[in-house]
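Q: Before I ask anything, here is the structure I am working with.
The values are calculated or read from the model by the stated rules, or taken from the named source; none is laboratory data. This is a predicted model, so every value here is computed, not measured. Neighbour counts run over all protein chains shown; Cβ positions are idealised from the backbone, glycine included.
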Amino acid sequence: MNESDPLDAPLPIPQVLASLPIFFDLAGKRAVLAVSGDGLWKAELLHATGAEIDLYCAAPGKELKSLTKRFSRLHLASRAWTPADLKGASLAIGVFGTEAEAEAFYEAAHAAGVPVNCADQPAFCDFQIGAIIDRSPLVIGISTHGAAPALARAIRGRLDAFLPQGIRHWAAAAAVWRPRLKAIDLSARLRQRFWDLFAQKALDTGDRLPQEDDFAMLVQAAEAGTTHATGSVTLVGAGPGDPELITLKALRALHMADVVLYDDLIAPGVIDMARREATKIPVGKRGYKPSCRQDDIIALLVTLAREGKRVVRLKGGDPSIFGRANEELAALRAADIPVEIVPGVTAALGAAASLQISLTERDLSRRVQFITAHARDGKLPDDIDWASVCDPRASTVVYMGVRTLEALSRRLLAQGIDPATPALLVERATWPDEHRVYGTIASLHAKVAVISPDGPCLVMIGAIFAQPHVSAESSDVSDADMLHT
Ligand code: SAH
């Protein structure tokens with residue numbers, strides 16, 4: 001059968017809501033747990049709910065016994081369950097090795113009017129326990145009606161990554177703020193707006209604890225009729241290329257964005273992660289090409305944030321490395337716009353990972369330094385600490401260094417760097433078409449001139465950047481002279 005062929009028979013998709021998610025408050029209630037198999041996990045789960053658990057197990061193992069010692073609300077009776085044990089319970093869970101045991105328990109629970117679940121025996125369950133995300137008081141349950149628990153777990157993983165850990169504090173704050181809001185004379189419509197703004201805020205800033213100020217600010221925003229609490233700008237490191245290298249925080253910011261401004265070094269895969277409804281604006285400004293000026297970008301950031309938009313400014317690699325982030329930060333602060341930075345994997349680290357090398361090495365590389373070989377006027381800066389680059393124990397990563405590579409090499413040779421010092425060019429590090437050119441500080445320039453790369457490139461200089469497994473014949477002994485011919 002071809003992979004894309006449909007299945008022969010129509011799939012039995014349920015025509016009804018497969019199960020109704022209800023959230024059962026068990027705190028202080030009595031739950032019965034009857035176990036003849038491995039009931040540890042169920043005991044832990046029930047205990048987490050705050051229930052008083054009567055646990056029946058004829059032959060409890062060591063682990064179950066030790067759990068009973070740790071859990072004050074877990075009451076172990078070392079005998080099999082009897083129908084009388086079920087009377088008055090709020091919930092019953094059975095973990096049994098055989099269907100016959102499950103069936104008997106199920107019948108007895110029904111006779112006592114107690115909702116029952118027998119683990120892994122769907123025929124003897126009134127309810128399923130789905131995959132759970134616990135940010136109590138926020139609880140998310142995911143069910144596939146027993147069809148694919150692994151899928152439910154995978155979905156849980158995704159949602160879990162997406163939800164800030166601190167969101168629980170915001171949910172808890174809502175419980176405190178609700179009566180307080182009631183005490184304020186607000187129309188039903190404004191109250192609703194307060195809660196909409198609250199929800200946005202909790203998702204946007206769920207990483208930090210809610211503050212007193214937040215309540216007042218949300219009331220104010222609801223009264224002012226803004227659609228967002230306030231506009232904001234997040235400078236987000238988009239990594240060197242491979243979209244999988246962005247952080248969870250970056251992903252969350254992209255999911256929340258109203259507007260995304262991105263450079264032309266940003267992989268399309270990263271931009272695709274932004275909220276579908278977000279406006280995406282390219283603001284590429286690669287050197288030597290007609291492009292958006294930095295001033296225009298800054299003005300745009302300020303305007304959008306003032307309109308109340310949540311703006312994500314995607315910057316290649318890490319925003320703090322050769323990204324002129326300070327200019328944007330200063331302007332946003334001056335305009336009183338809340339700004340946040342989400343770090344990213346800088347190109348040098350992405351390249352090191354794809355080269356499978358360590359940037360530090362006990363004897364070969366005692367120091368790592370990132371420099372740029374591109375001054376304001378596009379030429380090689382004159383004020384680089386040349387001695388530090390010539391240091392045989394240093395590893396230097398040069399950003400924006402292709403166009404000035406020849407000048408850089410000449411200068412370093414003149415400053416006394418060992419001409420045999422390995423030098424490597426990595427173009428489009430971590431992209432599928434990453435390309436490397438190995439050489440020495442004396443030879444690299446001529447090799448690079450031949451290919452004239454047009455993607456973003458790093459020049460890496462230092463002993464750790466030697467080509468791995470070079471055989472004696474292929475190593476270029478005359479490298480040292482190449483620049484002088
Ligand atoms: N903030 C970025 C750097 C911006 S400066 C970071 O942290 O990576 C732009 C320069 O970064 C490019 O000229 C190039 O030298 C380097 N660069 C960015 N992405 C790169 C990549 N995938 N491969 C090689 N070099 C890259």
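Q: Name the residues in the range 37-69 that are part of a loop (DSSP other than H, G, I, E, B) and of a type outside the set (Asp, Glu), would you?
A: So the first thing to find is which residues in the range 37-69 are part of a loop (DSSP other than H, G, I, E, B), and the list is 37-39, 49-51, 57-61.
Result: Gly37, Gly39, Thr49, Gly50, Ala51, Cys57, Ala58, Ala59, Pro60, Gly61.
Q: Considering only the range 196-212, how many residues are part of a helix (DSSP H, G or I) and either modelled with pLDDT under 90 or crowded, with 16+ Cβ neighbours inside 10 Å (or both)? Lay out the reasoning, then the answer.
A: The initial filter retains those residues of the range 196-212 that are part of a helix (DSSP H, G or I), namely 196-204, 212.
Restricting the remaining residues to those that are either modelled with pLDDT under 90 or crowded, with 16+ Cβ neighbours inside 10 Å (or both) gives 196-198, 200-204, 212.
Residues that pass the stated criteria total 9.
Q: Are any of the residues in the range 474-481 more than 16 Å from the ligand (Cβ to nearest atom), at pLDDT 95 or above and either outside any loop (DSSP other than H, G, I, E, B) or among the polar types (S, T, N, Q) (or both)? Even if it seems obvious, please write down each step before you answer.
A: Narrowing the range 474-481 to residues more than 16 Å from the ligand (Cβ to nearest atom): 474-481.
Those still in the list that are at pLDDT 95 or above too: none.
No, the range 474-481 contains no residue that is more than 16 Å from the ligand (Cβ to nearest atom), at pLDDT 95 or above and either outside any loop (DSSP other than H, G, I, E, B) or among the polar types (S, T, N, Q) (or both).
Q: Please give the number of the condition Asp382 fails out of (1) more than 16 Å from the ligand (Cβ to nearest atom); (2) in a helix (DSSP H, G or I); (3) at pLDDT below 95.
A: The number of the failed condition is (2).
Q: Turning to a different aspect of this structure: Any chance the range 378-388 includes a residue that's touching an Asp or Glu at 6+ places or on another chain (Cβ under 6 Å) and either in contact (Cβ under 8 Å) with a residue 24 or more places away in the chain or over 28 Å from Asp264 (Cα atoms) (or both)?
A: Of all residues in the range 378-388, those touching an Asp or Glu at 6+ places or on another chain (Cβ under 6 Å) come to none.
Scanning the range 378-388 turns up no residue that is touching an Asp or Glu at 6+ places or on another chain (Cβ under 6 Å) and either in contact (Cβ under 8 Å) with a residue 24 or more places away in the chain or over 28 Å from Asp264 (Cα atoms) (or both).
Q: Provide a single number: the residues in the range 135-187 that are touching a residue at least 60 places away in the same chain (Cβ under 8 Å), farther than 19 Å from Pro210 by Cα and part of a helix (DSSP H, G or I).
A: So the count comes out to 1.
Q: Which residue is surrounded by the most Cβ atoms within 10 Å (Cβ to Cβ), if the candidates are limited to the range 357-376 and must be within 16 Å of the ligand (Cβ to nearest atom) and without any contact (Cβ under 8 Å) to a residue 24 or more places away in the chain?
A: Ala375
Q: Given (1) buried (at least 20 other Cβ atoms within 10 Å of the Cβ); (2) closer than 13 Å to Ser36 by Cβ, where does Pro60 come up short, assuming only one miss?
A: Only one criterion is unmet by Pro60, namely (1).
Q: If you don't mind, another one. Please verify whether the range 50-69 includes one or more residues that are closer than 30 Å to Pro164 by Cβ, at pLDDT 95 or above and of a type outside the set (Lys, Arg).
A: First pass over the range 50-69, keeping only residues closer than 30 Å to Pro164 by Cβ: 50-51.
Right, trim to at pLDDT 95 or above and you get 50-51.
Restricting the remaining residues to those that are of a type outside the set (Lys, Arg) gives 50-51.
Yes, there is a match, as at least one residue in the range 50-69 is closer than 30 Å to Pro164 by Cβ, at pLDDT 95 or above and of a type outside the set (Lys, Arg).
Q: Considering only the range 221-263, state which residues are part of a strand (DSSP E or B) and within 16 Å of the ligand (Cβ to nearest atom). Quick ask: steps written out before the conclusion?
A: Of all residues in the range 221-263, those part of a strand (DSSP E or B) come to 232-237, 239, 259-262.
Of everything in the range 221-263, those that are part of a strand (DSSP E or B) and within 16 Å of the ligand (Cβ to nearest atom) turn out to be Thr234, Leu235, Val236, Gly237, Gly239, Leu261, Tyr262.
Q: Considering the range 303-345 alone, what residues qualify as being among the aliphatic types (A, V, I, L, M), surrounded by fewer than 18 Cβ atoms within 10 Å (Cβ to Cβ) and more than 16 Å from the ligand (Cβ to nearest atom)?
A: To start, the set of residues in the range 303-345 that are among the aliphatic types (A, V, I, L, M) comprises 304-305, 311-312, 314, 321, 325, 329-332, 334-335, 337, 339, 341-342, 345.
In the following step, the residues that additionally are surrounded by fewer than 18 Cβ atoms within 10 Å (Cβ to Cβ) were identified as 329-330, 334-335.
Of everything in the range 303-345, those that are among the aliphatic types (A, V, I, L, M), surrounded by fewer than 18 Cβ atoms within 10 Å (Cβ to Cβ) and more than 16 Å from the ligand (Cβ to nearest atom) turn out to be Ala330, Ala334, Ala335.
Q: Answer yes if at least one residue in the range 23-32 is surrounded by 16 or more Cβ atoms within 10 Å (Cβ to Cβ), more than 39 Å from the chain's Cα centre (by Cα), in contact (Cβ under 8 Å) with a residue 40 or more places away in the chain and in a loop (DSSP other than H, G, I, E, B), and no otherwise.
A: no
Q: Would you mind finding the one in Leu248, Leu235 that is modelled with pLDDT under 95 and closer than 16 Å to Asp207 by Cβ? Even if it seems obvious, please write down each step before you answer.
A: Details: Leu235 fails: modelled with pLDDT under 95.
Going through Leu248, Leu235 in turn, just one is modelled with pLDDT under 95 and closer than 16 Å to Asp207 by Cβ: Leu248.
Q: Got at least one residue in the range 324-334 being part of a loop (DSSP other than H, G, I, E, B) and more than 24 Å from Ile371 (Cβ to Cβ)?
A: Among the residues of the range 324-334, not one is part of a loop (DSSP other than H, G, I, E, B) and more than 24 Å from Ile371 (Cβ to Cβ), which makes the answer no.
Q: Could you tell me which numbered condition Ser72 fails, if it satisfies all but one of (1) within 21 Å of Ile129 (Cα to Cα); (2) without any contact (Cβ under 8 Å) to a residue 12 or more places away in the chain; (3) among the polar types (S, T, N, Q)?
A: Going through (1) within 21 Å of Ile129 (Cα to Cα); (2) without any contact (Cβ under 8 Å) to a residue 12 or more places away in the chain; (3) among the polar types (S, T, N, Q) one by one, Ser72 breaks only (1).
Q: Continuing with this model, one more query. Kindly list, by first and then second residue, each pair from a residue in the range 282-309 that is within 14 Å of Arg333 (Cα to Cα) to a residue that is within 15 Å of the ligand (Cβ to nearest atom) and modelled with pLDDT of 90 or more, limited to pairs with Cβ atoms under 8 Å and residues at least 6 apart or on different chains.
A: Between residues of the range 282-309 that are within 14 Å of Arg333 (Cα to Cα) and residues that are within 15 Å of the ligand (Cβ to nearest atom) and modelled with pLDDT of 90 or more, the close pairs are Ile298/Glu327; Ile298/Glu328; Leu301/Leu261; Leu301/Arg313; Leu301/Glu328.
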